[in-house]
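Student: Would you mind keeping the following structure in view while I ask a few things?
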Amino acid sequence: MPPDGWFRRKSKFAPAPAAQIVAQVPDGVAIKCAQCSEIIFTKDFEKNLKVCPHCGSHHRLTAAERIAYTVDEGSWVELFANLRSVDPLHFKEYDSKLAKSVQVTGLGDGFVVGTAAVSGLPLVLGVSDFRFMGGSMGSVAGEKVARAMEEGIARRLPVVLFTASGGARMQEGLLSLMQMAKTSAAAARLAEAKLPYIVVMTDATMAGVLASYASLGDIHLAEPGALIGFAGARVVAQATVQKPPEDYQTAEWQLGRGQIDSIVPRRDLPQTLATLLSLLTGRASVNTGGLNG
Amino acid sequence: MASLNVLDFEKSIAELDENLSKLHQIVEDRNNPQNKPDLAGQIAELEEHRTALLSALFANLTPWDKVLLARHVKRPYTLDYVGAIFEDWTELHGDRMFADDGAIVAGLAKLDGQPVAVIGHQKGRDLKQRQQRNFGSARPEGFRKAGRIMQMAAKFGIPVVTLIDTAAAAADIAADERGISEAIARSMFEMATLPVPIVSIIIGEGGSGGALGIAVADRVLMLEHAVYSVIPPEGCAAILWRDPERKSDAAAALNLTAQRALELCIIDDIVPEPLGGAHRDWAESAESVKAALLQSLRPLTGIPAPTLVAQRYEKFRRMGRFTELEGV
């Protein structure tokens, strides 16, 4: 065995294991990127819109963060905030899971709807928060998506929805399944009214949500690396003999299969939305400074 | 004799059936004329016993029993009903884009003299058929074929009938590659505004998006022992308890029976099956389905298209249960 000092000295110059650094910094000052394991100071991470400055991985956002990163300051007005899930089937532990999600997120439901402006362009905005039971679509989320579209029709406004969901919410059984039909029918009405409908798929957009309103936009944008697919990995493995490709069900893979119009980095999303909304509505956007400017 | 076609809870019936058929055989055997009078009484008694037993068994089916019945390999499938119910059935193949999906059949036919477009999931009974039908799990091409036929029906003012019987939509990589999610979403989107009457009936398994993808209808019916679910009970059990074997608990929790679906206002009516399930009497089942389809279609045919589409929208728009807090 070599003398103790050899490696200890060397380790002074070698990058220390991530856990070690995290242990040394006060709570909340730094985080470790789940993708590349590099340490990021929280201040830098938030300045970078929760995109890892080392590997570019787009970390999930809360609904509040998404709204703050997307719309003109002071333009957000939340709608339908008083809708709450019930437990119509008395499903095992649904009540406690709901209560926990409400507590963790501070939200009444995982889907948030409101009106706002992006670069001065008015729109109806809907955002899914993945922390709330995996963004799953139950009666409330389905109702809010439908109301967002109806609000767009009533006010002649374009509708932009940010999706992040594992799919339909099992705990509401068929009532959840029917939200797929409800939201698809609402999307059909929005289309008949000839109002722009833009979907921004974020990590993760799966199953019942991808197989309904998320796939019915005039334009489908996605964040880099977002997981987007029909069935979860285990179900796919059961149904398929061959091994899935490395990038299977990523935004990049879906782009190649023709399901997405464009992959847009988080920093560019407000500008891209403004440009598209301006092109589709014929309204001129204004420079509102900040992110969008 | 044990058989793959007999469910556990049906075993007592199967034994009775076997005894009955033995007695019938003896009666038919003309070499034994002197036994006839005695046996007639025995047969009647056995048949009475069988009816009573079936009634008792089927009055107390668990949700999981219903799942097994809905999946019963002897249960009539879409094409079995099509042959028995419709006239001039003309099958039409392919999505005009990529392929013909065997898991969804589509075509034109007449129902009591009235032209209709018929679309349904098709399962297979033997290995070869099952491969050809992809176990009734529709691929994107199936939904796109269904969409093509529905648009044609709309063009010619022909009502649409869909028969639902699928465990789930295809979940393999190839289906994902060709946009299975988009195909299901698009199908529901188009059905929502289709300007002709649509009647759907769940004849066996109503497996989540794969089923709903062709079931956005003015009237949605379910056979008495069919099931309709947001997720297969096995999958639900795997997620909830990390144990797919607790599927019967999951089946109960999911409220997937026709009776519960009616109470939750998801379906409009339950179509009765012959005593002991649709697989015991295909002809009677077909008659029951035909009567239900006619009864559902008739009041829809006179409604102007815009009213029909508006009513369909309201029907699905109302689905869901939630509360609205005051002062929030």
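The values are calculated or read from the model by the stated rules, or taken from the named source; none is laboratory data. Fair warning: this is a prediction, and the values are worked out from it, not measured in the lab. In this analysis, Cβ positions are derived from the backbone assuming ideal geometry, glycine residues included, and neighbour counts consider all displayed protein chains. These accessible areas exclude ligands, DNA and RNA; they are computed on the full protein's heavy atoms, side chains included. Shrake-Rupley method; radii C 1.70, N 1.55, O 1.52, S 1.80 Å.
Student: So A:Thr70 ticks every box in (1) touching a residue at least 24 places away in the same chain (Cβ under 8 Å); (2) among the hydroxyl-bearing types (Ser, Thr, Tyr); (3) farther than 22 Å from A:Leu121 by Cβ but one. Which box is left unticked?
Tutor: Tallying (1) touching a residue at least 24 places away in the same chain (Cβ under 8 Å); (2) among the hydroxyl-bearing types (Ser, Thr, Tyr); (3) farther than 22 Å from A:Leu121 by Cβ, A:Thr70 fails exactly one: (3).
Student: Residues being part of a loop (DSSP other than H, G, I, E, B) and either of a type outside the set (Asp, Glu) or under 16 Å from B:Pro244 (Cβ atoms) (or both): count how many of those fall in region A:223-246.
Tutor: Qualifying residue count, region A:223-246: 12.
Student: Collect the residues in region B:308-328 that are closer than 28 Å to B:Val199 by Cα and facing chain A (nearest Cβ under 8 Å), keeping them in residue-number order.
Tutor: Within region B:308-328, B:Arg312, B:Tyr313, B:Phe316, B:Arg317, B:Met319, B:Gly320, B:Arg321, B:Phe322 meet the criteria.
Student: Here's a follow-up. Of the residues B:Ala286, B:Ala305, which single one is more than 30 Å from A:His90 (Cβ to Cβ) and exposed (fewer than 15 other Cβ atoms within 10 Å of the Cβ)? Working first, answer last.
Tutor: On the way: B:Ala286 fails: exposed (fewer than 15 other Cβ atoms within 10 Å of the Cβ).
Only one candidate qualifies: B:Ala305.
Student: Right, another one. Out of everything in region B:76-115 that is of a type in the set (Asp, Glu) and open to solvent by 20 Å² or more (accessible area, probe 1.4 Å), what residue ends up being nearest to B:Gly210 (Cα to Cα)?
Tutor: This residue is B:Asp100.
Student: Quick test of your reading of the structure: A:Leu279 fulfils all but one of (1) part of a loop (DSSP other than H, G, I, E, B); (2) without any contact (Cβ under 8 Å) to a residue 24 or more places away in the chain; (3) within 30 Å of A:Ala193 (Cβ to Cβ). Name the failing condition by number.
Tutor: Against the list (1) part of a loop (DSSP other than H, G, I, E, B); (2) without any contact (Cβ under 8 Å) to a residue 24 or more places away in the chain; (3) within 30 Å of A:Ala193 (Cβ to Cβ), A:Leu279 comes up short only on (1).
Student: Next question. Exactly one of (1) in a helix (DSSP H, G or I); (2) at pLDDT 95 or above is unmet by A:Gln259. Its number?
Tutor: (1)
Student: Tell me the residue from B:Ile239, B:Ile201 that is among the β-branched types (Val, Ile, Thr) and modelled with pLDDT under 95, please.
Tutor: After applying the criteria, what remains is B:Ile239.
Student: Please go through region B:58-75 and give me each residue that is open to solvent by 50 Å² or more (accessible area, probe 1.4 Å) and touching a helix residue (DSSP H, G or I) at 6+ places or on another chain (Cβ under 6 Å), ordered by number.
Tutor: The answer is B:Lys74, and nothing else.
Student: Please determine, by comparing only the residues of region A:226-248 that are over 21 Å from B:Ala138 (Cβ atoms) and buried (at least 18 other Cβ atoms within 10 Å of the Cβ), which one is farthest from the other protein chains (Cβ to nearest Cβ).
Tutor: So, considering only residues that are over 21 Å from B:Ala138 (Cβ atoms) and buried (at least 18 other Cβ atoms within 10 Å of the Cβ), the one farthest from the other protein chains (Cβ to nearest Cβ) is A:Ala226.
Student: Could you grab me the full set of residues in region A:178-197 that are in contact with a helix residue (DSSP H, G or I) (Cβ under 6 Å, 6 or more places away or on another chain) and away from chain B (no Cβ under 13 Å)?
Tutor: Listed by number, the residues that qualify are A:Leu195, A:Pro196.
Student: Run down B:Arg139, B:Arg148 and say which single residue is surrounded by fewer than 24 Cβ atoms within 10 Å (Cβ to Cβ) and modelled with pLDDT of 95 or more.
Tutor: The match here is B:Arg148.
Student: Might you check whether a residue that is more than 9 Å from every other protein chain (Cβ to nearest Cβ) and part of a loop (DSSP other than H, G, I, E, B) occurs anywhere in region A:159-177?
Tutor: Taking region A:159-177 as the starting set, the residues that turn out to be more than 9 Å from every other protein chain (Cβ to nearest Cβ) are A:159-166.
Now restrict to residues that are part of a loop (DSSP other than H, G, I, E, B): A:166.
Yes: region A:159-177 contains one or more residues that are more than 9 Å from every other protein chain (Cβ to nearest Cβ) and part of a loop (DSSP other than H, G, I, E, B).
Student: Against the definition (of a type outside the set (Val, Ile, Thr), under 19 Å from the mean Cα position of the chain (by Cα) and open to solvent by 10 Å² or more (accessible area, probe 1.4 Å)), how does A:Ser136 come out, yes or no?
Tutor: For A:Ser136, the condition - of a type outside the set (Val, Ile, Thr), under 19 Å from the mean Cα position of the chain (by Cα) and open to solvent by 10 Å² or more (accessible area, probe 1.4 Å) - is met.
Student: Of all residues in region A:139-183, which are surrounded by fewer than 24 Cβ atoms within 10 Å (Cβ to Cβ), closer than 17 Å to A:Ala63 by Cβ and of a type in the set (Gly, Ala, Ser)?
Tutor: A:Gly166
Student: Something else about it: Which residues, taken from region B:152-168, are within 23 Å of the chain's Cα centre (by Cα) and open to solvent by 10 Å² or more (accessible area, probe 1.4 Å)?
Tutor: Once the filter is applied, which keeps residues that are within 23 Å of the chain's Cα centre (by Cα) and open to solvent by 10 Å² or more (accessible area, probe 1.4 Å), region B:152-168 yields B:Ile158, B:Ala167, B:Ala168.
Student: Could I ask something else about it? Return a yes/no flag: does region B:179-188 have any residue that is within 8 Å of chain A (Cβ to nearest Cβ), in contact with a strand residue (DSSP E or B) (Cβ under 6 Å, 6 or more places away or on another chain) and either open to solvent by less than 10 Å² (accessible area, probe 1.4 Å) or touching a residue at least 24 places away in the same chain (Cβ under 8 Å) (or both).
Tutor: Checked against the condition, which is being within 8 Å of chain A (Cβ to nearest Cβ), in contact with a strand residue (DSSP E or B) (Cβ under 6 Å, 6 or more places away or on another chain) and either open to solvent by less than 10 Å² (accessible area, probe 1.4 Å) or touching a residue at least 24 places away in the same chain (Cβ under 8 Å) (or both), region B:179-188 yields no hits at all.
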